[in-house]
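Asks: Could you have a look at this structure, given as structure tokens, before my questions?
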Amino acid sequence: MNPITPIINGMAITFKHMFLKPVTLQYPTERPKVAARFRGLHALNVSHDKAKCVACYLCPTVCPAKCITVEAGEDANHDKFATVYEIDMLRCIFCGYCVEACPVDAVRMTGEFELANYDRKDFIYSKERLLEKK
Amino acid sequence: MVNLTIDDKQVTAPKTATIYDAAKLNGIKIPILCHDKKLKPFGACRMCLVEVEQMKGRQIPACTTPVTEGMIIRTSTPDIVKARKMVLELLLLNHPLDCPVCDKSGDCDLQNLTYEYKVNSNRFKDEKFNHEIDYNNPLIERDMNRCVLCGKCARICDEIVSFGALTFIDRGIETKIGCEFDDALNCEFCGSCISVCPVGSLLARPFKHKARFWALTKHTSVCGYCGTGCNLTLGVKDNKVLTTIYDENQGFHKGQLCVRGRFGYQFINSTKRLTTPLVKKNNRLVEASWDEALEIVAARLKGGSDVAALATARLTNEELALFKKLLLEDVGTKNFDHAAGYAHAALTEGFARSFGTSASSATIPDIQKSDFLLVIKTDAYETHPVVGFEINMAVKNNGVKLSILSDKKGKLSKLPDAVTLVHRPGSEVAVLNAIAKIILDEKLADGSAEAIPGFAELGQALAAFDADTVATQSGLAAADIKKLAAGYAAADKGLILFPVGQAYAGHTADLASAAANLALLTGNYGKEGCGVLCLSEKNNSQGAVDMGFYAQDGGLNGLQILEACTNGGVKTLFIAGENPLTSYPDRNKVKAALEAVEFLVVSELFLTETAAMADVVLPVCSFAEKEGTFTSTDRRVQFFKPAIRKGAQIRTDFEVFSGLVKCLGGQAPASPAALFGEIAAVTPGYQGLSHVSLRKDGAFAAVSMTPAFVVPKAVAPVAAEQGKLALVIGSALYHSGTLSQYGEGPMHVCQEGYIEVSRSDAAAGKITENDLVTVSSASGSIQLKAKVSLRIPAGVAFAPYHFSNTPVTAIWAGQPVTMVTVSK
Ligand code: SF4
Ligand code: SF4
Ligand code: SF4
Ligand code: SF4
Ligand code: SF4
Ligand code: FES
């Protein structure tokens, strides 16, 4: 083969792509389409104006990264609720086991993936922050 | 033994076994829900169904069916599995889906069986129960919606605890477990019902939602309250003791505990714990470093016999031995003691002279093997509740005869056929002497008695104690005393029990000798099921005696030390873990002594009233943070390890004493284990014991006896005075010493001192339940809540010590009986 042929072929491909739709996403001006089953930042589900979580401790038990902290308390009606619900996002491996383990469908994972932050402590998501994502 | 076939396996089992027992014995698992090895077979749940070929393949419960020769049993045919599944379906029909919020989850028999039998749907439909849940009880939460009606709670409360608080109430589908008239639960709060409940119907309220069962690390330990020496399993999470966990295989008591053991653990992680050494500067206790504190203490310990020490019998054997070594060898003083100097006299003087050994001649397991029990003071139940359970079981299951000699009735008096002789307070020694005389006079004595030294003298010395005289003195009928004497003498195996403790000033060496005489006369010692068991108060009271931590060779005893503090004979006082202001008689005197002494060091868990008066306070560890051995009242030596890490600025008493030994230029032992090696070499009965050998179960230290008759001196009865009551001090069931004040559980149900008076005295003084009354004696007066009680005879009153908020030591100067006036 003439040594020049591959170069010409390559140039042809390059030239062709100048007229095709680009595959790169112009993030952050362009947003990716997040699939419904994507496992991003957690959110605590709410029902009757209260977090659904009953502090059963199954998610901290199943979590392979041991990044969930739950502490249970008793409310005025003697119902069990989570006085503390915290996830350390620096350790989370986004496996979704917590969602699967929850017996009352209290925790889900959202499409939120922009989790960068300046401070380590900001990666600890408290119950309030997790509840905000309604 | 009978031969039978279980699942095609040829096995043998004892004649008395049920099918369930036989299978278990041979490693075949049959699921159970309502059966408990400690309780009588009941057969309520039908989980344990098996097929027996001889019964034409009918399904029968394994837990209630006795084995017979040649039985052919199948435990898991498809039919049986189907039947069990249906049992579970029917149970789950009304059972709420509470697992996520139920504290039993993870340790729940129903949950485990449902999982094991894969019951994930239900063919039936019904409504769930809607019983009211009892959230108000501070210790036991009752949610009958979860109940599977196995009856274990009601049965244990009846068969072992013998309280009978719970029972089935209502009928048919409405049946539930409740108290009489469906009232609130007000019982001993031993928590036995919680421990056996297979589901989450009965739960420990103090542990509510604290942690999941699987998240707890289980640490075995030894209870730090009374001398029974129960084993505990502590549930620990994040370096905190959150609960006690039931283990039916633990200890002689099979996991049974009393209210203090089960619910009194909160002192370990109390926020009131001392966290750093304190040193008095400008009349205020300020934080200091260990080096500074120890230096100050060491400098003051150079005073030789100017130094004295009082320890609590809650320290380990190793700590007491080291403390003694520090005092004897490095400080050079013989002035040290424990238990106020008198509460150990029954052992150190009484048994020492009567049996030639300062230990009891019986063990707790002997109780169930005996056939005649003589309990001196019903308080034995309150001071040692788990020993009380043994007595309950002996009487109810083994038909052991129970006689009680006491100044008031008590729970033990309610046992079937129990005979209680209620005598005038303070006359127990005279009554025991009278019994000895009757045994001698009526020739009921055992042939072996004559050979025991002192036999002849005993006969003469007892002349004054003829039944009629003693009967008039003690307020008993002579016939009753004679009957008791005849009963005890006729018994094959007679066992005498009596409690001692700082509150029982009348339970002296003489009482011990008087009881010992009876055992020696009738040959009731040195054999199984026989002897005299002195129930010593604290978890290591017997250990403190074995370590020799009491006044000997001319050293000052507990009360003398305080006197010497007042008159300047003692200049430095080291108090390790004791709170004499509340636990030693005569509060004013104790206070004067602590104020007078030049230098006071207190090592404590809490800033008690005594510690608040100290010049240096050293924060030390609870039993859960250290290792060592405790010797129980029947001389079972038990080893325990730390369950949690101690605080950064907290040291064990062992480390404190080692530090002081070093400061004084001595040689401190390397570790508690090393010191225990030395202890074992020199302590009679401890030979061959080591931390390693005790690691699993603990062992009894052997007791060798050289009996002798001693004539016990009976105190003259306190003359009755018009308008006054004879006050006896003692222990309350919910408390032990002064430590349980820091356990939240006991404080939930008994927060303060009280005075129990009889109905007639209450009526005469127009006193009703819970009235605040003023109790005055020659030494002072105090306000206490009144309890009107049927068990107290007229003219007598009872008050527990324990409480710093209502210290009866203010009115009690150490007499066995104090005459008081009670007025509103
Ligand atoms: S996604 Fe996985 S790692 Fe992250 S919190 Fe849930 S269980 Fe833990
Ligand atoms: S599994 Fe669900 S209910 Fe349980 S603690 Fe986690 S979020 Fe709460
Ligand atoms: S706590 Fe003890 S006394 Fe009270 S109901 Fe339960 S078993 Fe009975
Ligand atoms: S409360 Fe518990 S122990 Fe009592 S009957 Fe119900 S399930 Fe059994
Ligand atoms: S206080 Fe005594 S009886 Fe109660 S659990 Fe502890 S050792 Fe046992
Ligand atoms: S365990 Fe046998 S019937 Fe319940």
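The values are calculated or read from the model by the stated rules, or taken from the named source; none is laboratory data. From a predicted model like this one, the values you see are computed outputs, not experimental measurements. With ideal geometry, Cβ positions are generated from the backbone for all residues, glycine too; neighbour counts draw on all protein chains shown. Quick note on the areas: whole protein, heavy atoms, side chains included, nothing else; ligands and nucleic acids left out. Shrake-Rupley method; radii C 1.70, N 1.55, O 1.52, S 1.80 Å.
Asks: Once you order the gyration tensor axes a ≥ b ≥ c over the Cα atoms, which shape class does chain B get: rounded for a/c under 1.5, otherwise prolate or oblate by comparing a/b with b/c?
Replies: The shape class here is prolate.
Asks: Under the rule a/c < 1.5 gives rounded, and otherwise a/b versus b/c splits prolate from oblate, where does segment B:710-824 land using the Cα gyration tensor?
Replies: On the way: a/c = 1.75, a/b = 1.18, b/c = 1.49.
In terms of gyration-tensor shape, oblate.
Asks: Going by average Cβ density within 10 Å per residue, which order do the peptides B:598-607, B:422-431, A:49-58 take, highest to lowest? The partial results should precede the final answer.
Replies: Details: B:598-607: 22.0, B:422-431: 24.8, A:49-58: 19.1.
Averaged packing, sorted descending, gives the order B:422-431, B:598-607, A:49-58.
Asks: Helix B:478-490 against the longest principal axis of chain B: what's the angle in degrees, Cα atoms only, rounded to the nearest 10?
Replies: That helix lies at roughly 70 degrees to the long axis.
Asks: In nm, what is the difference between 0.36 nm times the number of residues separating A:Lys52 and A:Ala35 and their Cα-Cα distance?
Replies: Working: separation 17, 0.36 × 17 = 6.12 nm, distance 2.46 nm.
My answer for the length gained is 3.7 nm.
Asks: Please work out the C-alpha center-to-center distance from segment A:64-134 to segment B:115-150 and express it in whole Å.
Replies: 30
Asks: Listed highest first by mean packing, meaning other Cβ atoms within 10 Å per residue, what order do A:63-76, B:19-32 come in?
Replies: Final packing ranking: B:19-32, A:63-76.
Asks: How high is the FRET efficiency from B:Ser270 to A:Val23, r the C-beta distance, R0 56 Å, rounded to 0.05?
Replies: That pair, B:Ser270 with A:Val23, gives E of 0.30.
Asks: How much area per residue is accessible in chain B when the probe is 1.4 Å and only protein heavy atoms are counted (Å²)? Don't jump to the answer; show the numbers that get you there.
Replies: Values: 30830 Å² over 824 residues.
Solvent-accessible surface per residue comes out at 37 Å².
Asks: How about segment B:66-107: which of its residues lose at least 10 Å² of accessible area in the presence of all protein chains relative to their chain isolated, using a 1.4 Å probe?
Replies: The answer is B:Pro100, B:Val101 - residues whose exposure falls by at least 10 Å² when every protein chain is included.
Asks: Contact order normalised by length for chain A, with contacts defined as Cα pairs under 8 Å and 6 or more residues apart; what percent is it?
Replies: Working: 175 pairs, mean separation 39.5, N = 134.
Here the relative contact order equals 29 percent.
Asks: Another question about this same structure. Mind checking which of B:Gly164, B:Tyr584, B:Ala564 is farthest towards the positive end of the protein assembly as shown's charge dipole, using Cβ charges of +1 (Lys, Arg) and -1 (Asp, Glu) about the Cα centre?
Replies: B:Gly164
Asks: Amide H of A:Lys52: which non-local residues (sequence gap of 5 or more, or other chain) have their own amide H closer than 5 Å, using H built in the peptide plane?
Replies: So A:Lys52 has HN proximity to A:Asn45, A:Val46, A:Ser47.
Asks: For segment B:2-76, how many pairs of lysine residues have a Cα-Cα distance under 17 Å, where the two are 8 or more positions apart or belong to different chains?
Replies: 9
Asks: Using the per-residue mean of other Cβ atoms lying within 10 Å as a proxy for protection, in what order, highest first, do the peptides B:110-119, A:27-36 fall?
Replies: Result, highest mean Cβ count within 10 Å first: B:110-119, A:27-36.
Asks: Another question, if that's okay. With an 8 Å cut-off on Cα pairs and a minimum separation of 6 or more residues, tell me the relative contact order of chain B in percent. Spell out each step's value before the answer.
Replies: Values: 1916 pairs, mean separation 112.5, N = 824.
Relative CO of chain B lands at 14 percent.
Asks: Normalised by the number of residues in segment B:343-537, what is the relative contact order in percent for Cα pairs under 8 Å and 6+ residues apart?
Replies: Relative CO of segment B:343-537 lands at 34 percent.
Asks: Cross-link partners among lysines for B:Lys662, C-alpha distance below 17 Å, same-chain residues fewer than 8 apart left out?
Replies: B:Lys302, B:Lys324, B:Lys325
Asks: Separate question: Can you say what percent of the DSSP beta bridges in the protein assembly as shown, counting only those with both residues inside, are antiparallel? Round to 5.
Replies: If I count the DSSP bridges inside the protein assembly as shown, around 60 percent turn out antiparallel.
Asks: Over the whole of B:203-210, what's the average partner chain Cβ count within 10 Å per residue? Rounded to a whole number, please. Don't jump to the answer; show the numbers that get you there.
Replies: Values: counts 0, 0, 0, 0, 0, 5, 9, 3.
That average works out to 2.
Asks: List the lysines whose Cα sits under 18 Å from the Cα of B:Lys482, skipping any in the same chain fewer than 8 residues away.
Replies: Within the straight-line cut-off, B:Lys482 pairs with B:Lys401, B:Lys437, B:Lys443.
Asks: Which residues of segment B:131-145 end up with at least 30 Å² less accessible area in the presence of all protein chains than when their chain stands alone, using a 1.4 Å probe?
Replies: At a threshold of 30 Å² (probe 1.4 Å), the residues of segment B:131-145 that become less exposed are B:Tyr135.
Asks: In segment A:42-60, what residues drop by 50 Å² or more of accessible area when the other protein chains are put back, versus the chain on its own? Use 1.4 Å, and skip ligands and nucleic acids.
Replies: Residues passing the criterion (a loss of at least 50 Å², heavy atoms only) are A:Tyr57.
Asks: Taking the Cα centre of segment B:725-823 as the origin, how large is its charge dipole in debye, to the nearest 20, when only Lys and Arg (+1) and Asp and Glu (-1) carry charge on their Cβ atoms?
Replies: So the magnitude is around 180 debye.
Asks: On to the next question. Heavy atoms only, probe 1.4 Å: what % of the accessible area of segment B:71-121 goes to carbon and sulfur, would you let me know?
Replies: 58
Asks: For segment B:463-473, just list the computed ³J(HN,Hα) in residue order, Karplus coefficients 6.51, -1.76 and 1.60, θ = phi - 60°, integers in Hz, with x standing in for Gly and Pro.
Replies: After applying 6.51 cos²θ - 1.76 cosθ + 1.60, I find 3, 6, 9, 6, 3, 5, 4, 5, 4, 5, 4 Hz.
Asks: Which of the pairs B:Lys538/B:Lys785; B:Lys218/B:Lys527; B:Lys493/B:Lys538; B:Lys493/B:Lys787; A:Lys66/B:Lys641; B:Lys571/B:Lys724 have their Cα atoms more than 31 Å apart in this structure?
Replies: Details: B:Lys538/B:Lys785 26 Å; B:Lys218/B:Lys527 37 Å; B:Lys493/B:Lys538 27 Å; B:Lys493/B:Lys787 38 Å; A:Lys66/B:Lys641 28 Å; B:Lys571/B:Lys724 40 Å.
From the list (B:Lys538/B:Lys785; B:Lys218/B:Lys527; B:Lys493/B:Lys538; B:Lys493/B:Lys787; A:Lys66/B:Lys641; B:Lys571/B:Lys724), the Cα-Cα distance tops 31 Å for B:Lys218/B:Lys527; B:Lys493/B:Lys787; B:Lys571/B:Lys724.
Asks: Enter the buried accessible area of the A/B pair, total of both sides, probe 1.4 Å, in Å² rounded to the nearest 100.
Replies: Working: alone 9800 and 31330 Å², together 40150 Å².
Summed over both sides, the interface buries about 1000 Å².
Asks: If you line up the long axis of helix B:653-663 against the longest principal axis of chain B, both from Cα atoms, how many degrees apart are they, to the nearest 10?
Replies: 40
Asks: Under 5 Å between amide hydrogens, which residues at least 5 positions from B:Leu405 or on another chain qualify, with H placed 1.01 Å from N in the peptide plane?
Replies: B:Val375, B:Ile376, B:Lys377, B:Leu421
Asks: If you don't mind, another one. Explain nothing, just the number: dipole magnitude of the protein assembly as shown about its Cα centre with +1 on each Lys and Arg Cβ and -1 on each Asp and Glu Cβ, in debye rounded to the nearest 20.
Replies: Approximately 2620 debye in magnitude.
Asks: Quick one: putting +1 on the C-beta of Lys and Arg, -1 on the C-beta of Asp and Glu, what dipole do you get for segment B:499-599 around its Cα centre, in Debye to the nearest 20?
Replies: So the dipole magnitude of segment B:499-599 works out to roughly 140 debye.
Asks: Based on C-alpha coordinates, I'd like the Rg and Dmax of segment B:348-487, in Å.
Replies: Cα radius of gyration and Dmax of segment B:348-487 are 15.6, 41 Å respectively.
Asks: Let me ask you something else. Under the 0.36 nm per residue contour assumption, what length would be gained going from the current alpha-carbon distance of B:Glu442 and B:Asp468 to full extension?
Replies: Roughly 7.9 nm would be gained on extension.
Asks: Show which aspartates and glutamates lie in cross-link reach of B:Lys396 when reach means a straight Cα distance below 20 angstrom and same-chain residues fewer than eight apart are skipped.
Replies: Excluding near neighbours in sequence, the set is B:Asp36, B:Asp158, B:Glu159, B:Glu188, B:Asp366, B:Asp371, B:Asp379, B:Glu382, B:Asp417, B:Asp492, B:Glu528.
Asks: Quick one: ranking B:Tyr686, A:Tyr118 by accessible area, 1.4 Å probe, largest first, what do you get?
Replies: Sorted by accessible area, descending: A:Tyr118, B:Tyr686.
Asks: Moving on to the next point. Any chance you could give the angle, 0 to 90 degrees and rounded to 10, that helix B:78-94 forms with the longest Cα principal axis of chain B?
Replies: Its long axis makes an angle of about 60 degrees.
Asks: Could you state the number of Å between the C-alpha centres of segment B:776-809 and segment B:28-84?
Replies: Measuring centre to centre over Cα atoms gives 54 Å.
Asks: In addition: Once the principal axes of the Cα atoms of the protein assembly as shown are found, what is the range along each, listed largest first in whole angstroms?
Replies: Each principal axis gives a Cα extent; for the protein assembly as shown these are 132, 84, 63 Å.
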